[in-house]
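A short reminder: the numbers here are calculations on the coordinates, not readings from a lab. From a predicted model like this one, the values you see are computed outputs, not experimental measurements. So basically every Cβ, Gly included, is an ideal-geometry build from the backbone, and we count neighbours across all protein chains shown.
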Amino acid sequence: MQIQSASSGIPRQLPKDWAVLVYNVGENDEGLMSTHNLLDLQQVGSDENTHVVCHNYRSPWLYEKLGMGQEHLGSRQYYVEREATDSRQLLQGTEIGHFASFLRSTPGKITSPELPIPEGKIHQAEHLKKFLLGAMKDFPARHYCLVMSGHGCGFAGQAVTAQGRMSNEELGQALREVAAETGQPLEVLNLNTCFSSSVEAMHALQGGARVAVGSQSTVCGATQPLGETLKTLQNSLRAGQSVSAEELGSLFVAEAHHQKLSNIYTPTLSAVDLTRMGALGDQIGQLHEQILEKQIDREVLRQALKDSIKLDYAAVPRPVQVTDLGSFIDKLGAACPELRPQCIEIAATLKETVLAEQHQSMDKESPTSRLLRPLLGKGYQDMSGYTGLTIYYEDRPDQDGHRLAQVENTALGRQWQIRRLVDYIHQGQEQPRVGKLKQIGEKIHQFEIKANKAIGIPYVVPFARRALKAALFIGAAAGLRHLGVPVAQAVFGPLAVFNGFKAALKGGSELGQELSPPGKLSLEQRDRVVDKVCNTTLGLTLGTFGLQMMGLLPASLAWPLAGVALTTHAARLGGKFWQNHSDVRAAHAQDAHFATQSTVREKLAVADISKTDLKEA
């Protein structure tokens, strides 16, 4: 069903309190995520106080490549209305059921009426501007929130498609033009994309919105629970309560933290006061100027960066990392008295700028999360020291494959003298030698990443890699046997001895390091201890099995050793489930208590997030 817009003849409506405008850039696998977000909002829909309008774009991915739902490719625009029942639901109320519902988020389940769509390309800022101006004209409101979902790359832009991307500068300019033409800047901009909570990205958005929401790391799967956030907003408005931009931005963070599988979907999320980003950017620029003018010892700077919290940003054409701003400022201030006043000033402004933040933690690492991680390729990382915003300091500016051009050519990059700074820091730095085997391994890894993106179907490349390794192994063994070589005794046995006892020594050493600090172990440390104990046991088992293959131990040991290996794998999983089970139960109870709250203020009062005092609307 398609409905006309107000500009096509329907009388203008009186403004509602809030309009939530959603811009889904569903390129490849992000089409599933974006469509899930739309269907999640459809469980709540627009009401007497809110408009919900969604521009949903899908490019061909798994469903379409299998011949399903091709009629939904390209752009569609919807006025989101409430759906009577959610046809995706399986095992309702469970984590695995929630993930299964996400996987069932096909565009054929969209029941909201369609709207006319503006012409243009989804990755272009001008197209976003047309969408916003049209929606704001046809569905007037006192306050506006824009949610952008899809592939993002932090300092390098948003709305990434095969045809191009929208730079943060273009996005900020489009939002400022919308504010100038309508007289209404956005209250909240939610960048539901990877790496969006960076200083470089947020700084470019000043004047386009009051508050922005973004992730320091990746978002995955169902991402943010937009439907629950909309429901809570509507409850507050129905109760006669105003909702400020700061409150709504913080609510996005709180709902993400207290949702099912939060460690998987939204491992980190921050709400940022964009009105403070100018001051923060200026102070960072002054810090850079002081470093260059005073010729601060390069080794001090390198060590501070090395000791800071790093996040993996990219792997192709080579690994690139971004740095948590707060951790770097803390390390630099402690190591360099000359810069301590500037570091203290930046830390204070950072604290004022980040309104709310949440980060994954071991007390939210449920059994379902642990089981899903290998399937999704998402390892657990301790994020307890994150401070809400990242910054990009390239550590190998003299080597190809860096991303400096995407920062140094911006107004902020020039203000920061970012290229001059990183060249200064790393001048004369000796790069560690990388062995030939490691270089080959890295090239194979990069090839796999490229192939995975090109094919676009999950698990095809990993399965092919494992099948190829098995085939090569079996083929090599058969060839050696054909030549009369005793494969088990002369090849596989010694390899197992070497690799097994090497792993055991490494695991034992790392276990000693984990247990050496005094005091009670944290949940993260306990989890690592389980890993180290199991790695050490498996190493000893493999080494002993190698000795048996070489004929140095009796053949009767083979099956007992296999039993030890299987038992150790089971013990690893069981040990991890057990070591934090009481904390997971407590976290789930807190999530349940959060869910019983009705309004924005009630939820923020009990939310387990770091937050500043919020201003009234």
Review point. Which distance in Å, rounded to a whole number, links the C-alpha centroids of region 529-587 and region 336-362?
Key: 42
Practice item. Give the percent of DSSP beta bridges with both residues in the chain that are antiparallel, rounded to the nearest 5. Key: 50
Exercise for review: For the chain, give the magnitude of the charge dipole about the Cα centre (Cβ charges: +1 Lys/Arg, -1 Asp/Glu; no others), in debye to the nearest 20.
Suggested key: 1980
Study note, to complete from the structure: If unit charges are put on Cβ atoms (+1 for Lys and Arg, -1 for Asp and Glu) and the dipole of the chain is taken about its Cα centre, the option from H593, A159, H98 lying farthest towards the positive end turns out to be H98
Check your understanding: DSSP beta bridges in region 112-236, what fraction antiparallel, as a percent rounded to 5?
Key -> 15
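Summing +1 for each Lys or Arg and -1 for each Asp or Glu, what net charge is found among the other residues whose Cβ lies under 15 Å from the Cβ of A570?
Its environment carries a net charge of +2.
What's the longest uninterrupted piece of the chain once you rule out the trypsin sites (Lys or Arg not before Pro) that are loop residues per DSSP with at most 10 other Cβ within 10 Å?
Longest site-free region, per DSSP loop and neighbour criteria: 1-432.
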Review point. So which GluC sites (Glu not before Pro) in region 10-51 are both in a DSSP loop and have at most 13 other Cβ atoms within 10 Å of their Cβ?
Key: E48
Point to revise | region 377-448 and region 459-497: distance between their alpha carbon centers, rounded to Å | key: 37
Review point. From the backbone phi of region 213-222, what are the Karplus-calculated ³J(HN,Hα) couplings (6.51 cos²θ - 1.76 cosθ + 1.60, θ = phi - 60°) in whole Hz, Gly and Pro given as x?
Key: 10, x, 10, 5, 10, 9, 10, 8, x, 6
Revision key, fill the gap. Calculated from DSSP helices alone, with each H run of at least 4 adding -39500 (n - 2.57) and the total divided by the residues of the chain, [θ]222 nm to the nearest 500 comes to -16000 deg cm²/dmol
Practice item. Place +1 on the Cβ of every Lys and Arg and -1 on the Cβ of every Asp and Glu in region 263-324, take the dipole about the Cα centre, and give the residue among G278, Q295, P319 whose Cα lies farthest towards its positive end. Key: P319
Study note, to complete from the structure: Phi-derived 3J(HN,Hα) across region 355-364 with the Karplus relation (6.51, -1.76, 1.60, θ = phi - 60°), rounded Hz, x for Gly and Pro, is 6, 7, 8, 9, 9, 4, 8, 5, 6, 9
Revision key, fill the gap. Rounded to one decimal in nm, the spacing of the 7 Å Cα→Cβ label points at V487 and A570 is 3.0
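Stokes-Einstein at 37 °C, 0.692 mPa s, Kirkwood radius from Cα pairs: D for region 497-601 in µm² s⁻¹?
Stokes-Einstein gives a translational diffusion coefficient of 202 µm²/s.
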**Study point:** Mean separation of Cα contacts under 8 Å, 6 or more apart, over the residue count of region 12-171: relative contact order %
**Key:** 32
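How big is the dipole moment of region 38-186 about its Cα centre under a simple scheme where the beta carbon of each Lys and Arg is +1, that of each Asp and Glu is -1, and everything else is neutral? Debye, nearest 20, please.
Numbers: 14 positive and 17 negative charges, 56 e Å.
Computed charge dipole of region 38-186: roughly 260 debye.
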